[in-house]
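Inspection log for the structure reproduced underneath, given as structure tokens.
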Amino acid sequence: CLLSRGLGDVYKRQRVKRLKRDGLIKGIAAKLDGARIGRPLLAFVHVDTNNWSITQQVLGLAELTEVEEIHTITGKSAMLLKVRVRDTQALEALLARIHQIDGITNTTSDIALTSYLERGPLPDDAD
């Protein structure tokens, strides 16, 4: 693993500092429990648009606390949102807000039943 090699705390702090300096660590964030903060429902929303030029408008959704991630993707949809909401009624209200953006033609949602693994990218253990 990147940091747990049985090394002392001082070395680990120096390593983290170096990884930040070298740009491998972009930031550090707390991973909150969705259920405990009142948003247990995790969904992935596929967003269809009439053209690519509305990407900046969709990026405005980043201001909403329910939206965790926004990706442009290949395939049938133009964008994929990872959202976390209170319940299906809250998801419906969020979808209504998304549909208010000019240029969005459709959304399709997938609700996660169980999340077995959520993490960011891991580096090859070559370092």
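The values are calculated or read from the model by the stated rules, or taken from the named source; none is laboratory data. Worth saying up front: this structure is predicted, and the values here are computed from it rather than measured. We place every Cβ from the backbone using ideal geometry, glycine too, and count neighbours over all the protein chains shown. With ligands, DNA and RNA removed, areas are computed over all heavy atoms of the protein, side chains included. Shrake-Rupley method; radii C 1.70, N 1.55, O 1.52, S 1.80 Å.
Structure notes:
- When restricted to residues that are at pLDDT below 85 and either assigned to a helix (DSSP H, G or I) or under 14 Å from the mean Cα position of the chain (by Cα) (or both), the stretch 35-57 contains 6.
- Given (1) out of contact with any strand residue (DSSP E or B) (no Cβ under 6 Å at 6 or more places or on another chain); (2) over 25 Å from residue 119 (Cβ atoms); (3) not aliphatic (A, V, I, L, M), number of the condition residue 75 does not satisfy: (2)
- Any hit, the stretch 101-116, residues being modelled with pLDDT under 95, aliphatic (A, V, I, L, M) and open to solvent by less than 60 Å² (accessible area, probe 1.4 Å): yes
- Taking the numbered list (1) farther than 18 Å from residue 35 by Cα; (2) within 18 Å of the chain's Cα centre (by Cα); (3) open to solvent by 80 Å² or more (accessible area, probe 1.4 Å) in turn, residue 65 passes all entries but (1).
- In the stretch 112-127, the residues that are closer than 19 Å to residue 91 by Cβ reach residues that are modelled with pLDDT of 75 or more and open to solvent by 90 Å² or more (accessible area, probe 1.4 Å) with C-beta atoms within less than 9 angstrom, at least six apart or across chains, in these pairs: 118/31.
- Checked against (1) open to solvent by 50 Å² or more (accessible area, probe 1.4 Å); (2) part of a strand (DSSP E or B); (3) in contact (Cβ under 8 Å) with a residue 12 or more places away in the chain, residue 70 meets all criteria but (1).
So that you can scan it fast, the table gives a plain yes or no per residue for (1) farther than 17 Å from residue 90 by Cα; (2) touching a helix residue (DSSP H, G or I) at 6+ places or on another chain (Cβ under 7 Å); (3) in contact (Cβ under 8 Å) with a residue 40 or more places away in the chain:
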site: 10; (1), (2), (3): yes, no, no
site: 13; (1), (2), (3): yes, no, no
site: 18; (1), (2), (3): yes, no, no
site: 25; (1), (2), (3): yes, yes, no
site: 49; (1), (2), (3): yes, no, yes
site: 57; (1), (2), (3): yes, no, yes
